[in-house]
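Everything below concerns the one structure shown next.
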Amino acid sequence: MEKHLLVCVRGDSASSYAVRFIKNFFHSPCDVRITLFHVAPPMNSWSKGALAKGRNLLDEIRQWFIDNSFCDESKIDVKSIHSRGNTAREIVQEGHKGMYDAVILSRQAQSVLEEFFDYSVGSKVIWEEVDFPLWFCKCPEELARKDVLLCVDEDAPSQRIADHVGFVLGDNPNHDITMFHVHDSREKGATTSEDIFNITREHLEGNGVAPERIRELVVDSDDVTKAILAEVARKPYAAVAAGRGKHDKTAIEKLFPRS
């Protein structure tokens, strides 16, 4: 089944990250439909020509994708709009309106100050109300990475992301999937890893992922984030997939945002 992806493009060197990731990740880029999306500054005397400049950027990236992936141009659309003051919200509204299968952003290279205050559009999008998957792409390496680390537990967001991973990879045999569960031995009466993997496997196989492409991995730790990062450092996965539940910012997070 064709996947429709919204690829958010900025006017800097990071703009190509997401497009290059798509080209490397999918078995055939023509298995996906892409809408390249650019948000120009708010319309005022200082932003004259910004919309046309954004459209030219989208056209260049569209042509690059066609030239480097042998993808039919009918599969790639472009859309440029003026921001009404909140770029992150414009992206989220387009994501909802277009009913895309995923919204894809390039990871920004931040200065120390930007990282401390977390000014990036991507970090703002995370805090918006979204009901679609978000992909964050960093600068691709020379050799394309393989396989997906699917982080799972018993909660509903985990199973939603499992269904998404199955949908994306069901007809993409380039990548295998590692179901990864961090077990905290201090928790009593929790759902077992076996139960979690059984439910997750149903989502994956239900989307067409062959059983031989799925493996299980359990680690004991009381720090989920560190356990995930340790596994990623051990094996260079193409992507890490994790569920996201509804979460309001705490007072400390509003002052000092965290990734």
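The values are calculated or read from the model by the stated rules, or taken from the named source; none is laboratory data. None of the values given here were measured: they were computed from a predicted structure. Quick reminder, even Gly has a Cβ in these numbers, built from the backbone with ideal geometry, and neighbours come from all protein chains shown. The accessibility values were calculated without ligands, DNA or RNA, using every heavy atom of the protein model including side chains. Shrake-Rupley method; radii C 1.70, N 1.55, O 1.52, S 1.80 Å.
On the basis of being among the charged types (D, E, K, R), open to solvent by 30 Å² or more (accessible area, probe 1.4 Å) and under 17 Å from the mean Cα position of the chain (by Cα), does Lys146 make the cut?
Details: among the charged types (D, E, K, R): yes; open to solvent by 30 Å² or more (accessible area, probe 1.4 Å): yes; under 17 Å from the mean Cα position of the chain (by Cα): yes.
Criteria met by Lys146.
Tell me, yes or no, whether segment 211-234 has at least one residue that is crowded, with 16+ Cβ neighbours inside 10 Å and free of Cβ contacts under 8 Å to residues at least 24 places away in the same chain. No: segment 211-234 contains no residue that is crowded, with 16+ Cβ neighbours inside 10 Å and free of Cβ contacts under 8 Å to residues at least 24 places away in the same chain. For segment 66-94, the tally of residues that are open to solvent by 90 Å² or more (accessible area, probe 1.4 Å) and more than 24 Å from His4 (Cβ to Cβ) stands at 1. Entry remark, segment 214-229: residues being basic (Lys, Arg) and more than 21 Å from the chain's Cα centre (by Cα) number 1 in total. Just the residues that are under 17 Å from Ile177 (Cα atoms) and in a loop (DSSP other than H, G, I, E, B), please, taken from segment 214-239. Across segment 214-239, the qualifying residues are Lys235, Pro236.
The set of residues from segment 30-65 being open to solvent by 20 Å² or more (accessible area, probe 1.4 Å) and closer than 20 Å to Asn172 by Cα comprises Cys30, Asp31, Arg33.
Out of the residues in segment 190-213 that are of a type in the set (Ser, Thr, Tyr) and over 23 Å from the mean Cα position of the chain (by Cα), state the one that is nearest to Leu169 (Cα to Cα). Across segment 190-213, the extreme among qualifying residues is Ser193. The set of residues in segment 106-128 being over 27 Å from Leu217 (Cβ atoms) and either among the charged types (D, E, K, R) or modelled with pLDDT of 65 or more (or both) consists of Ser106, Glu114, Glu115, Asp118, Lys124, Val125, Glu128. Return the pair list, or none, for Cβ contacts closer than 9 Å from residues in segment 129-143 that are modelled with pLDDT under 75 to residues that are among the hydrophobic types (A, V, I, L, M, F, W, C), at least 6 apart or on different chains. From residues that are modelled with pLDDT under 75, the pairs are Glu129/Val92; Val130/Val92; Val130/Val103; Pro140/Phe21.
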